[in-house]
């Protein structure tokens with residue numbers, strides 16, 4: 001198969017046990033520098049660009065927020081946001097619980113306080129959020145006609161179960177939630193996915209290519225559609241059962257440099 005574009009998820013797929021790029025992963029991506037290597041993640045852009053710098057491919061576009069934002073050298077190519085009225089309602093539902101609500105727009109990340117969850121996510125992504133009352137953030141966004149590229153809710157699993165039920169009942173046509181962990185719920189606009197983002201990327205930057213020319217790596221539920229649609233979909237061995245079932249093939253775990261091993265062996 002003629003692979004001319006590589007797309008990779010980050011957390012649980014590309015990064016090692018220390019949530020960093022291993023030396024061998026960097027070496028393999030640089031060895032294949034003639035093939036664009038696109039990062040595609042639920043992360044915000046600022047939590048991705050330092051990885052591009054390590055690869056030496058910061059000139060390439062990146063896909064953030066599970067496909068909600070396609071950006072190229074700071075220029076927005078495609079953007080899909082969650083309406084501020086929905087954010088207001090979810091905030092009302094969460095109010096009074098112990099759940100932590102983070103709001104993301106492009107390279108802005110707002111948290112109500114630097115609690116356990118904000119500190120944990122900041123440490124994982126190497127990004128420091130803006131501490132601001134959620135009501136103030138929502139009000140500012142409403143005045144400037146902005147929405148959220150992603151809503152992250154973290155906390156007690158049973159409280160998150162209640163939120164998932166609420167979203168399913170009230171916003172099944174507008175929102176989709178990805179449970180990256182029992183205690184993490186990432187909420188995005190339902191119209192977007194990593195698959196649709198790659199389709200937009202091909203149209204805007206690589207019109208000579210089709211999905212058959214794409215190799216993709218992933219590990220979790222939000223990667224399933226992508227791996228199923230591309231020419232070669234590769235799951236890391238630590239992936240969820242559902243993605244292992246649909247992948248064309250598997251490679252070693254992220255902790256054992258599975259992506260690098262696949263690249264070295266097959267490209």
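Worth a mention:
- Packing-based ranking, highest mean first, of 197-205, 133-141, 39-47 given that Cβ atoms within 10 Å are counted: 39-47, 197-205, 133-141
- Ranked 189, 59, criterion: other C-beta atoms within 10 Å, fewest first: 59, 189
- Fewest-first sequence of 195, 88 by Cβ atoms within 10 Å of each Cβ: 88, 195
- Dividing the helix sum by the residues of the chain, where each DSSP H run of 4 or more adds -39500 (n - 2.57), gives a mean residue ellipticity at 222 nm of -10500 deg cm²/dmol.
- Within the range 99-154, the proportion of Cα pairs with more than 12 Å between them is 64 percent.
- Principal axis extents of the C-alpha atoms in the range 84-189 (largest first, rounded to whole Å): 32, 30, 24.
- When only alpha carbons are used to place a centre, the range 141-189 and the range 1-76 end up 25 Å from one another.
- Candidates 196, 97, 183, ranked by Gaussian network fluctuation over the chain, Cα under 10 Å, top entry: 97
- Length gained when the stretch residue 168-residue 83 is fully extended (0.36 nm per residue, less Cα-Cα span): 29.0 nm
- Helix 46-55 vs. the chain, principal-axis angle (Cα, 0 to 90°, nearest 10): 20 degrees
- Estimated translational D of the range 45-89 in µm²/s (Stokes, Kirkwood radius over Cα pairs; 37 °C; 0.692 mPa s): 282 µm²/s
- Angle in degrees between helix 134-143 and the longest Cα principal axis of the chain, rounded to the nearest 10: 80 degrees
- Rg over Rh, two decimals, the range 1-40 (C-alpha only, Kirkwood Rh): 0.99
- Using bins of 5 Å that start at zero, the share of Cα-Cα pairs per bin across the range 30-133 amounts to 2, 11, 20, 20, 19, 13, 7, 4, 2, 1, 0, in whole %.
- For the range 129-240, diffusion coefficient by Stokes-Einstein and Kirkwood Rh (Cα), 20 °C, 1.002 mPa s, µm²/s: 131 µm²/s
- The range 84-189, relative contact order [Cα under 8 Å, separation at least 6], %: 29 percent
- Of the residues 224, 38, 77, the one that moves most in a GNM of the chain with alpha-carbon contacts below 10 Å is 77.
Each reported figure results from applying straightforward, stated rules to the coordinates on display, with no laboratory input. This is a predicted model, so every value here is computed, not measured. Glycine also receives a Cβ, built like all others from the backbone with ideal geometry; neighbour counts cover every protein chain displayed.
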